[in-house]
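Bear in mind that the values in this text are calculations on the coordinates, not laboratory data. Predicted model, so just to flag it, every value in this text is computed and none were measured. For neighbour counting, all protein chains shown are included, and Cβ atoms are generated from backbone atoms with ideal geometry for every residue, glycine included.
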Amino acid sequence: MENLTPNTLYEVVFVVKLVDPTQGWEVPVNFKLVLPTGETKERQENMIMLGRNRWIEILAGEFRTSPEYIFGKIEFSMYEVKGGLWKSGLVVKGVAIRPKN
């Protein structure tokens, strides 16, 4: 957080691509963001509905920087544990933390 601009709205996005052959994406995937205050933001994305063979940005969450947790850390994750299926075809390019326009 100390490297971010104070009092600015940021978004955390996963940059991913599904490449054929894909399998196991029938159950929605969870995207989670945990802020230094302990506040958790979580959302689901149906990966099977995404296009194939192109980079896609999936929002994990948004937050506003604040002086009270300038030295805190944020955590972000992407997971799916309920479907019980092996998965294939996902390429993760990275995660972007950027000011929201």
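So the check is Cβ under 8 Å with 6+ separation or different chains; which pairs have a first residue in segment 40-55 that's closer than 16 Å to S88 by Cα and a second one that's acidic (D, E) and not in a loop (DSSP other than H, G, I, E, B)?
R52/D20; N53/D20
Can you name the residue in segment 71-101 that is in contact with a Ser or Thr (Cβ under 8 Å, 6 or more places away or on another chain) and farther than 16 Å from L50 by Cβ and is also surrounded by the most Cβ atoms within 10 Å (Cβ to Cβ) among such residues?
Looking at the filtered set, the residue picked out is G72.
Just checking, how many residues over segment 59-101 are in a loop (DSSP other than H, G, I, E, B), closer than 22 Å to L4 by Cα and either touching a Cys at 6+ places or on another chain (Cβ under 6 Å) or of a type in the set (A, V, I, L, M, F, W, C) (or both)?
3
Residues to consider are I58, I97, I74; find the one that is under 16 Å from E11 (Cα atoms), among the aliphatic types (A, V, I, L, M) and touching an Asp or Glu at 6+ places or on another chain (Cβ under 6 Å).
I58
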